[in-house]
Each structure stands twice: as structure tokens, then as C-alpha cells.
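Chemist: The structure is given below, and queries will be raised subsequently.
The values are calculated or read from the model by the stated rules, or taken from the named source; none is laboratory data. What you are looking at is a predicted structure, and each value in this text was computed from that prediction instead of being measured. Cβ coordinates were reconstructed from backbone atoms using ideal geometry, including for glycine residues, and neighbour counts include every protein chain displayed.
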Amino acid sequence: MALMGEPRFLMCAPTHYEVDYVINPWMEGNVHRASRAAADEQWRRLRELLGQRARVEELAPAPGLPDLVFTANAGVVAGDTVVLARFFHPERQGEEPRFQAWFEGQGFRVETLPADLPFEGAGDALLDRGGGWLWAGYGFRSELDAHPLLARALGVEALSLRLMDERFYHLDTCLCPLSDGTLLYYPPAFDFQSNRLIESRVRPEKRLAVGEADALAFACNAVNVGDAVILNRASAALRQRLEARGFTVLETPLTEFLKAGGAAKCLTLRLDEPHPVALGGALAADAPAVAAASPSPWRAPFAMTGRCQTRKWT
Ligand code: ARG
């Protein structure tokens, strides 16, 4: 049994990890180029670092599902509820029943979205630690139309952010809410309206914008547990800025997983997310459920919805 208050994460060992197909720009040129032995070693070190600070649950790896290691995409958790992912690419859709069975076995209240509505879990939905709302990404993998459904299912306000740069195709590749309310993020990954929305919600001193080099090293794809920030790599300047806020920066190389477009955060899913109201968030029932990055203050006109960009990867 987990101790009360002990952080819990879900991971999946890279027994069947491989770059087998190309569904994001990081995978291009890397098909069959990841080393299983190096991936095992890097994953084991991440698991160890996390295991010193949290309880780590493991999902059984499965042959033919090389991206199952990226458990962040399983769903989004708030309190005892999980909204399961609906993967955009057929290559990952076989993961859905595995994640579903795991959550059901653990006694979560499991919510599913309509079958044709893409949404990629905590890859595109992150609870803000300061405000208690949900930052929800769209544009590449998740549909804007999923956001009001997440807000309703989780009883939380969803703030929609539009992703613009295909290298940062999931929200968790370019934005990371930290425990003290700091928002670590890469502003150029978002459109103008989304940047304004972030700036209207997060005070300047709580915004920690990273430069391109750190963003490309997946510094925003960090796992924050207590005062530890675990990530692939951080520049000396970023390390200093995080340390000045009282965080301990722990670098652990995850280069084999960067070849598939993922790093520390993608390889983990936080399972003990507090209910947003505990963080000061508004209940969806008392507040407009969705604030989209659009001229309309609360709801994007659906004519403007960002249909996922369907660039065909070879
Ligand atoms: N190859 C995986 C994909 O393209 C990587 C997923 C990374 N996960 C994440 N949460 N960003 O779907």
C-alpha cells in the first residue's frame, strides 16, 4: 500500500521499446536506431531517481507496442478519475486497452471520450500547481473539442493552448507546471493568443521561459516531485534559475528516448494528482468550463477548432 501522501507514478519498462515508425519529427531518421541496451540503462536510472522520491508502479510491457513506455500518454488523472487517451495515430491505438485495463484494475473511475476524438492524456493535459486549472494542448495530437469534455469529466477549468511547432507536438514537451506555481515553458511553441492566455494567468515572476537549446534538450519534459526536477539535460543558466527557486535539478540522460520524441516526463504518469479544487481551482459547475486561446473569452467558436494537423509521416 502507498503511504498517505506518497507520490505515485506509472512507468513501463522498455523491454519492447524501439523506433519502429515515424509519427513525429524526432523519429525521422531514427527508425531502428535506438539501442535497447542503452535505453534499458537510461530508463533504469530514471526509475531509480524517481523511486527514491515516490512509489513507482509498473505496467507490463507488450510486444508490438514500442511507444507503451511513454505512460504520460495513458490518460489524464485528477483525484480518483482518469480520462483515457484516444490516440491520433493508429500506430499507438493498440495501447488504449492496456492502459484501460490497468486503471480499471487499480479502481480508478475510468472515463472515455468518443472514439473519433483524439486526446493524448497527460502528454496534452497538465494540472497547474498554482491555480488548479488544467492546461490543455491541441494542434497536433489532441483535438480542441476534447477540452470541454475533459473539463466536465474532471470538474476542472480547462485552458486551451495551441501548439505551433511540430517538434513540440505534445504540451508536455514545451510546458511543465512546477510545485510552487512556477510555469517552466518554451513560449515560441505556442501561438500568440495562447501566450497571452498564459501571461494573463501566471504572474511574470512565476513564468520561467526557456530558450530553444534547452527546449530541444527536452528540459520542459521534466518530472517534478517535491523540490526535485528530473530531466534529460539543462543548461547551466536554467539550472541556476531553477535552483534560485529552491529546486534541485537532477539530470539523467534519456537520449535513446529522444529518438522517439520523448524524455523524462513522457516516461512517467503521476497517479496521485490532487483534485483540482484542492489546489484552489474552480469547479467546472461554478465556472465557465473552457477558456480557449481565441478572441472569445470562454469558448472557441467551433469553426476555429484546430483539427489535428495531419501531416503524413512516412
Ligand atoms: N513516439 C511517441 C509519440 O510520438 C512519443 C511520445 C512522447 N510522449 C509525450 N508525452 N510527449 O507518440
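Chemist: Here is a list of conditions, (1) among the charged types (D, E, K, R); (2) farther than 18 Å from Thr173 by Cα; (3) surrounded by 17 or more Cβ atoms within 10 Å (Cβ to Cβ), and Arg109 meets all of them except one; can you say which number that is?
Modeler: So the condition that Arg109 fails would be (3).
Chemist: Sticking with this one: Give me the residue from region 114-147 that is within 15 Å of the ligand (Cβ to nearest atom), touching a strand residue (DSSP E or B) at 6+ places or on another chain (Cβ under 6 Å) and of a type in the set (Gly, Ala, Ser) and, out of that set, nearest to Pro90 (Cα to Cα).
Modeler: Ser142
Chemist: Could I ask something else about it? With the checklist (1) in a helix (DSSP H, G or I); (2) in contact with a strand residue (DSSP E or B) (Cβ under 8 Å, 6 or more places away or on another chain) in hand, flag the one item Glu48 doesn't pass.
Modeler: Evaluating Glu48 over (1) in a helix (DSSP H, G or I); (2) in contact with a strand residue (DSSP E or B) (Cβ under 8 Å, 6 or more places away or on another chain) leaves (2) as the failure.
Chemist: I'm trying to understand the selection: among the residues of region 194-211, which are among the charged types (D, E, K, R) and either crowded, with 22+ Cβ neighbours inside 10 Å or in contact (Cβ under 8 Å) with a residue 60 or more places away in the chain (or both)?
Modeler: Hits for region 194-211 are Arg196, Arg201, Lys206.
Chemist: Tell me yes or no: at least one residue of region 169-183 is among the acidic types (Asp, Glu), more than 22 Å from Thr71 (Cβ to Cβ) and at pLDDT 95 or above.
Modeler: yes
Chemist: State which residue is farthest from the ligand (Cβ to nearest atom) when the search covers only region 12-41 and only residues that are hydroxyl-bearing (Ser, Thr, Tyr) and surrounded by 15 or more Cβ atoms within 10 Å (Cβ to Cβ).
Modeler: This residue is Thr15.
Chemist: Any residue that is small (Gly, Ala, Ser), surrounded by 16 or more Cβ atoms within 10 Å (Cβ to Cβ), in contact with a strand residue (DSSP E or B) (Cβ under 7 Å, 6 or more places away or on another chain) and farther than 17 Å from Pro187 by Cα - is there at least one of those in region 212-233?
Modeler: Yes, because at least one residue in region 212-233 is small (Gly, Ala, Ser), surrounded by 16 or more Cβ atoms within 10 Å (Cβ to Cβ), in contact with a strand residue (DSSP E or B) (Cβ under 7 Å, 6 or more places away or on another chain) and farther than 17 Å from Pro187 by Cα.
Chemist: Only one of Leu171, Leu163, Leu184, Leu242 is in contact with a strand residue (DSSP E or B) (Cβ under 6 Å, 6 or more places away or on another chain), within 14 Å of Gly130 (Cα to Cα) and hydrophobic (A, V, I, L, M, F, W, C). Can you tell me which?
Modeler: Answer to the selection: Leu184.
Chemist: Continuing with this model, one more query. Being more than 14 Å from Cys174 (Cα to Cα) and hydrophobic (A, V, I, L, M, F, W, C) is the filter here, so list the residues in region 224-245 that pass it.
Modeler: Val225, Ala228, Val229, Ile230, Ala236, Ala237, Leu238, Leu242, Ala244
Chemist: Read through the list (1) within 12 Å of the ligand (Cβ to nearest atom); (2) assigned to a strand (DSSP E or B), then give the number of the only condition that Ala260 fails.
Modeler: Of the numbered conditions (1) within 12 Å of the ligand (Cβ to nearest atom); (2) assigned to a strand (DSSP E or B), the odd one out for Ala260 is (2).
Chemist: Considering only region 229-269, how many residues are without any contact (Cβ under 8 Å) to a residue 12 or more places away in the chain and polar (S, T, N, Q)?
Modeler: Count: 1.
Chemist: If you go through region 59-69 one residue at a time, do you hit one that is more than 27 Å from Val225 (Cβ to Cβ) and over 20 Å from the mean Cα position of the chain (by Cα)?
Modeler: Taking every residue of region 59-69 in turn, at least one turns out to be more than 27 Å from Val225 (Cβ to Cβ) and over 20 Å from the mean Cα position of the chain (by Cα).
Chemist: Could you list, in sequence order, all residues of region 242-257 that are under 28 Å from Glu205 (Cβ atoms) and either of a type in the set (Ser, Thr, Tyr) or within 15 Å of the ligand (Cβ to nearest atom) (or both)?
Modeler: Passing the criteria: only Thr248.
Chemist: In this structure, does Arg44 turn out to be among the basic types (Lys, Arg), more than 16 Å from the ligand (Cβ to nearest atom) and either touching a residue at least 12 places away in the same chain (Cβ under 8 Å) or touching a helix residue (DSSP H, G or I) at 6+ places or on another chain (Cβ under 6 Å) (or both)?
Modeler: no
Chemist: Check off (1) assigned to a loop (DSSP other than H, G, I, E, B); (2) within 21 Å of Leu258 (Cβ to Cβ) for Gly137 and give me the number that stays unchecked.
Modeler: (1)
Chemist: Given the criteria charged (D, E, K, R) and under 20 Å from Gly261 (Cβ atoms), does Arg167 qualify?
Modeler: Criteria met by Arg167.
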